[in-house]
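Written out below as structure tokens is the structure these notes cover.
The numbers here are math on the coordinates, done by the rules we state, and not lab data. The model shown is predicted, which means the values in this text are computed figures rather than measured ones. Reconstructed Cβ throughout: ideal geometry from the backbone, glycine too, with neighbour counts over all protein chains shown.
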């Protein structure tokens with residue numbers, strides 16, 4: 001058997017040993033026993049960097065979605081504005097009949113720069129055309145605005 005060394009109690013520096021122990025070992029930021037789990041300090045800069053990168057990625061994606069929605073709304077507003085403009089022009093033109101909702105009509109400009117609405121398509125007129133310029137094929141919508149189907 002191996003010879004055991006005896007501990008000389010008189011030679012022990014109890015104050016120095018007290019510095020290496022604690023009453024609350026669970027609060028130590030490192031493993032305090034040989035069988036304890038390994039605790040590696042994390043690089044806080046790395047953790048923060050990953051979190052900030054993830055945050056930017058997520059918010060950039062959300063901002064792109066909001067931008068697409070704004071673009072869609074802007075396009076819808078332009079379409080409505082265009083319908084209002086053509087509708088005002090049609091309502092200021094000469095209309096010799098009562099237009100029906102969801103029917104197609106044709107807007108023309110005469111030689112004297114006045115407009116008229118007709119049920120006759122440009123290709124249906126004979127040799128003598130009562131207009132100088134075909135402006136648009138339009139459809140009356142339920143809200144009494146006009147949608148341009150085709151234009152010259």
For segment 48-102, restrict the atom set to alpha-carbon positions and state the Rg and Dmax in Å. 22.4, 73
Could you check what % of the DSSP bridge pairs in segment 55-151 are antiparallel, to the nearest 5? 90
Two-site label geometry, residue 129 and residue 48: point separation in nm, points 7 Å out along Cα→Cβ: 7.3
If the chain between residue 59 and residue 121 were fully extended at 0.36 nm per residue, the gain over the current Cα-Cα distance would be 17.1 nm
Taking Cα pairs under 8 Å and at least six residues apart, what relative contact order does segment 55-151 come out at, in percent? 26
Between residue 84 and residue 152, what length in nm is gained on full extension when 0.36 nm per residue of separation is reduced by their alpha carbon distance? 22.6 nm
Quick one: Kirkwood hydrodynamic radius for segment 55-151, alpha-carbon pairs, angstrom, one decimal? 15.6
Taking the simple approach of a point 7 Å from Cα along Cα-to-Cβ for both residue 70 and residue 111, what is their distance in nm? 5.2
